[in-house]
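All of the numbers you see were taken from the coordinates with simple rules; none came from a lab. Computed from a predicted model, the values in this text were never measured in an experiment. Counting neighbours? That spans all protein chains shown, and the Cβs are built from the backbone with ideal geometry, glycine included.
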Amino acid sequence: MTTARVAEPIGSLQEVHELGLDQEDLLGIYRNMITTRLIEERGHILYRQGKISGSYYTGRGNEGASVGIATAMGTHDVGTPLHRECGVHITRGIEPWRIFAQFLAKADGPTRGRDGNIHLADDRLGLIAMVSHLPAMLPVSVGCALAFKIRDERRVSFGWYGDGSAARGDVHESMNFAGVLRLPMVFCCTNNLWAYSTPNYMEYACEHLADRAAAYGFEGVVVDGTDVLAVYREAKRAAEKARDGGGPTLIETVSLRMEGHAVHDDAFYVPKELFDEWSAKDPVERYRTWLRENIGMTDQTEDDITSQVKKLLNDALERAEASPDPDPAGLLDGVYATLSDVETPHHK
């Protein structure tokens, strides 16, 4: 028995207009989804060329969830996206060349060549970089929400985690804390159906991960992560509720991870039938079809967008590759603070 609300798909263009999206917005969402996918495809090429150190992770199949939620974020909201949320960074406005600079460990990348290729964020866009220990960023997200409430600011914090980390104590402590204090928080659970090689049925016994929200006193919603507009609708509702003092919401977006856990994993353990089922619901293709049927997007418009994005990424990669490598002499820069950088503790 589920306690979560299962979201309906977007029914009509009228409903979309009621959500405040016009044709330019709808095409912008498509552009962000295409950009996200093509950036990650370029990343695969860079990895095979030996230009990306370590491993490489993608969010193919998750573009609808990441772009949909990020589109609903307010200008001054904050978020802690993880390794399959490239669409969040793109939608918030990061320049693609900086993503490539991060991939290539360049000095001009967000972490100045000091961290792995997925540990990126631009704090000017309200995003906080992840760490590998999942879901360690969720308490950070809740801390942001607490600050917003204390300051009486109409801002919302969006915190991401996946099905694989959903049983960790950080998740439940964060949800309990946010629920008790009615914090302006949106919990974004990316359910990719498999945590590395572990299927959902071996991860949890409840029907939906969003069912857990009820235990902490707030609403849980399950939405098809391949339906970008339905994801946007639910994220917008959750953000508006949080902004108005209504407390947290847990949004569980469900979409199969369409590639292995990382580039080294061929996902042989996922049944072919499951891949076939979710391939037929590819979020980019699904949204492209919706645009054609509902706003009459033409082949020319589609081709123009794709061509523009490809040129943008070609230029971005060229700029990133021309960027300087980090100077080894600055290896310890930013590791320690000087006394002049530290504020006097409030308790002294």
Picking from Ala129, Ala167, Ala72, which is most flexible by a Gaussian network model of the chain using Cα springs under 10 Å? Ala167
Highest-first arrangement of 279-286, 298-305, 37-44, 97-104, where packing means the average Cβ count within 10 Å: 97-104, 37-44, 279-286, 298-305
With +1 on each Lys and Arg Cβ and -1 on each Asp and Glu Cβ, and nothing else charged, work out how big the dipole of the stretch 131-172 is about its Cα centre, in Debye to the nearest 20. 160
With -39,500 (n - 2.57) per DSSP H segment of 4 or more residues and division by the full residue count of the chain, the 222 nm estimate, nearest 500 deg cm²/dmol, is -13000 deg cm²/dmol
Roughly how many debye, to the nearest 20, is the charge dipole of the chain about its Cα centre, given +1 on each Lys and Arg Cβ, -1 on each Asp and Glu Cβ, and no other charges? 700
Would you list, by chain and number, the lysines whose Cα falls below 20 Å from the Cα of Lys149, excluding same-chain residues fewer than 8 positions away? Lys236, Lys241
What's the ranking of 86-93, 202-209 by average number of surrounding C-beta atoms within 10 Å, highest first? 86-93, 202-209
In terms of Cα to Cα distance under 23 Å, which lysines are near enough to Lys51, apart from those fewer than 8 places away along the same chain? Lys106, Lys310, Lys311
For the stretch 235-348, size of Cβ-based charge dipole, Lys and Arg +1, Asp and Glu -1, in debye: 660
Could you tell me which of Val228, Leu250, Ala239 has its Cα farthest along the dipole of the stretch 215-266 towards the positive end, charges placed at Cβ (Lys, Arg +1; Asp, Glu -1), taken about the Cα centre? Ala239
Ranked by GNM mean-square fluctuation in the chain (Cα springs under 10 Å), the top entry among Ser132, Ser323, Ser255 is Ser132
